[in-house]
Amino acid sequence: MNQMFTSLTNYYNNRKQKKSGLGLQIDVVMWIVVVLIIVAIVMGVGYQLRESTRIASTKLEMDQIRQGVTQYMGLRADGAPPENLEILLNNEAVPAADSIDGIAHGPFIPTTSVRWNYASGPIVDLWDNAYYYESRQDPNSSAYIITIVSSAGHTTGGAAPSVSDTSNVDSITAQGYLVTQF
């Protein structure tokens, strides 16, 4: 009888140990799931922060370009805007013959950036898409309307949508493009 009691006790103890092992496995799986959910949330927030940072930096770059165009136009005797943005990178963007004071001027935007280098081609935003630049004379006055558009991550094949009038700026901005018009 003693042997039978020992075997029943061993059976009961073995059965009890198996249950605790299964519970431990479920706990580990639940912790792994919780950790994966937290990692997914953090990665999503990190991506949004990175995109927000790019957009803020692009807005600052567009402001630098706007200031460079304004300085260029202010130093030219005829007040004409540059034909393209790359002219603003030249050391002699406004030749002495065309300037208001007879002195050559330039560059008008910083050339320290790898993306903003005269030898590297067009001026690009943080998504490596070229800025869209357009200058046209206002038909009602002698003033120029300057438009600069950044793709802000859109894959446009190198061309941003055309900004034909001021009302079109709002629709392009609503599509997620960054637009500066002055």
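The values are calculated or read from the model by the stated rules, or taken from the named source; none is laboratory data. Nothing here was measured: the structure is a model prediction, and the numbers come from that model. Reconstructed Cβ throughout: ideal geometry from the backbone, glycine too, with neighbour counts over all protein chains shown.
G21 versus (1) assigned to a loop (DSSP other than H, G, I, E, B); (2) modelled with pLDDT under 85: which is the lone unmet condition?
(1)
Going through the stretch 83-98 one residue at a time, which ones are buried (at least 17 other Cβ atoms within 10 Å of the Cβ) and over 25 Å from the mean Cα position of the chain (by Cα)?
Here is the first cut: in the stretch 83-98, the ones buried (at least 17 other Cβ atoms within 10 Å of the Cβ) are 85-90, 93-94.
Answer for the stretch 83-98, where residues must be buried (at least 17 other Cβ atoms within 10 Å of the Cβ) and over 25 Å from the mean Cα position of the chain (by Cα): N90, A93, V94.
Kindly provide the set of residues from the stretch 122-147 that are over 18 Å from T111 (Cβ atoms), touching a Phe, Trp or Tyr at 6+ places or on another chain (Cβ under 8 Å) and either loosely packed, with under 15 Cβ neighbours inside 10 Å or in contact (Cβ under 8 Å) with a residue 40 or more places away in the chain (or both), ordered by number.
S135, R136, Q137, D138, I146
Would you confirm, using the coordinates I've provided, whether Q71 is within 28 Å of S141 (Cα to Cα), modelled with pLDDT of 80 or more, surrounded by fewer than 17 Cβ atoms within 10 Å (Cβ to Cβ) and over 17 Å from the mean Cα position of the chain (by Cα)? Walk me through it before giving the result.
Numbers: within 28 Å of S141 (Cα to Cα): yes; modelled with pLDDT of 80 or more: yes; surrounded by fewer than 17 Cβ atoms within 10 Å (Cβ to Cβ): no; over 17 Å from the mean Cα position of the chain (by Cα): yes.
Judged against the criteria, Q71 is not a match.
Which condition does E86 not pass, out of (1) closer than 29 Å to E51 by Cα; (2) modelled with pLDDT of 80 or more; (3) in contact with a Phe, Trp or Tyr (Cβ under 6 Å, 6 or more places away or on another chain), if it passes all the others?
Among (1) closer than 29 Å to E51 by Cα; (2) modelled with pLDDT of 80 or more; (3) in contact with a Phe, Trp or Tyr (Cβ under 6 Å, 6 or more places away or on another chain), the lone unmet condition for E86 is (3).
Being farther than 22 Å from W116 by Cα and free of Cβ contacts under 8 Å to residues at least 60 places away in the same chain is the filter here, so list the residues in the stretch 80-101 that pass it.
Once the filter is applied, which keeps residues that are farther than 22 Å from W116 by Cα and free of Cβ contacts under 8 Å to residues at least 60 places away in the same chain, the stretch 80-101 yields A96, A97, D98, S99, I100, D101.
Give the residue, chosen from T58, T53, that is of a type in the set (S, T, Y), within 22 Å of the chain's Cα centre (by Cα) and modelled with pLDDT of 85 or more.
Unique residue meeting the criteria: T53.
Kindly establish whether D78 is among the charged types (D, E, K, R), at pLDDT 80 or above and either in contact with a strand residue (DSSP E or B) (Cβ under 7 Å, 6 or more places away or on another chain) or surrounded by fewer than 20 Cβ atoms within 10 Å (Cβ to Cβ) (or both).
Here the answer is yes, as D78 does meet what is asked.
Give me the pairs: first residue in the stretch 36-65 and in contact (Cβ under 8 Å) with a residue 60 or more places away in the chain and at negative phi, second residue part of a helix (DSSP H, G or I) and of a type outside the set (G, A, S), beta-carbon distance under 8 Å, and six or more apart or on different chains, which are they?
If the second residue must be part of a helix (DSSP H, G or I) and of a type outside the set (G, A, S), the pairs left are I65/L85; I65/L88.
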